[in-house]
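The values are calculated or read from the model by the stated rules, or taken from the named source; none is laboratory data. Computed from a predicted structure; not experimentally measured. Reconstructed Cβ throughout: ideal geometry from the backbone, glycine too, with neighbour counts over all protein chains shown. Areas reflect the complete protein model, heavy atoms only, side chains present, ligands, DNA and RNA absent. Shrake-Rupley method; radii C 1.70, N 1.55, O 1.52, S 1.80 Å.
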Amino acid sequence: MIRPNDQPAKFNGNKPAVGLALGAGAMRGLAHIGVLQVLERERIPIDVVSGASIGAVIACAHAARRTGLELERIVAELQELSYFDLALPRKGVLAGNRVRKLCGQVVRNLAFEEASKPCAVVACALDTGEEVVFKNGSMEDAIRASISIPGVFVPHEINGRLYVDGGLVNRVPVTTAREMGAKLVIGVDVGYRGEPVQPKGVIGVMMQAFDIMEWHLARMKFSTADLMIIPDVRELNPVHMNHAAKAIARGREAAREALPRIREMLGENVGN
């Protein structure tokens, strides 16, 4: 694993450092917003946040002091065509310039160093296949690298290297949050988990093949989470945003169900 931008995590008080790891899953990952809304409302402390792909967007937005309610309003106002920009010549269907600009606006154009808490984004280096963790510099650039689903988005270049979707190497970056100093890590998985799926269209087939590969790799890493929240978003289309409200609601439902265990987990570890 490569960590080109390490920065130490800083925590206050004697409470355990709690990490939140938000996973890949394309538009199903809007469920992360609902999870955040519940954690914020219940005042569950989050000291460290990490993300891959759509999870990287929401993780950075959270670290940029966007609330879950703000993010839900932003999503409700989005039009899909606003971030569609076809790539020519094609190394992917979408050039990704519009979505990069949009992500920059969502994270207030901040650098990681300006965030409210330690935050990390996982991407995959296209030349070597290695996991790269971004913790310094432009959040916008790191997110654009992490969301670069092969075949859908053109790979993103940073300092002469090309990057693709972070879900390829660490779908729910629990290990990343742990390495940043989190003692307790809550993971949120919105990806494919082995259930039968009938994809539609070329991009749907590509996404399903990508999901299957991620799932086989991800199962080995999930056991490192203290708690995994799994919103029921299986039937939602991962390509389009027309189920955004339902995805967010499913995130809220899953987080509410997990609250007793989260409180138990925090109570067990305070002072240890």
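For this structure, a couple of remarks:
- If you go through segment 36-71 and keep only what is surrounded by fewer than 21 Cβ atoms within 10 Å (Cβ to Cβ) and acidic (D, E), you end up with E40, E42, E70.
Here is a yes/no grid of residues against (1) open to solvent by 50 Å² or more (accessible area, probe 1.4 Å); (2) at pLDDT below 90; (3) among the aliphatic types (A, V, I, L, M):
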site: T175; (1), (2), (3): no, no, no
site: V188; (1), (2), (3): no, no, yes
site: E214; (1), (2), (3): no, yes, no
site: L236; (1), (2), (3): no, yes, yes
site: G251; (1), (2), (3): no, no, no
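- A209 in a helix (DSSP H, G or I), of a type outside the set (D, E, K, R) and at pLDDT 95 or above: no
- Of all the residues in segment 90-100, those that are open to solvent by 20 Å² or more (accessible area, probe 1.4 Å) and under 17 Å from the mean Cα position of the chain (by Cα) number 1.
One line per residue, one yes/no per condition, for (1) touching a strand residue (DSSP E or B) at 6+ places or on another chain (Cβ under 7 Å); (2) modelled with pLDDT of 95 or more; (3) part of a helix (DSSP H, G or I); (4) surrounded by fewer than 19 Cβ atoms within 10 Å (Cβ to Cβ):
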{"site": "L102", "(1), (2), (3), (4)": "no, no, yes, yes"}
{"site": "R108", "(1), (2), (3), (4)": "no, yes, no, yes"}
{"site": "E113", "(1), (2), (3), (4)": "no, yes, yes, yes"}
{"site": "I143", "(1), (2), (3), (4)": "yes, yes, yes, no"}
{"site": "A182", "(1), (2), (3), (4)": "yes, yes, no, no"}
{"site": "V185", "(1), (2), (3), (4)": "yes, yes, no, no"}
{"site": "G191", "(1), (2), (3), (4)": "no, no, no, no"}
{"site": "G194", "(1), (2), (3), (4)": "no, no, no, yes"}
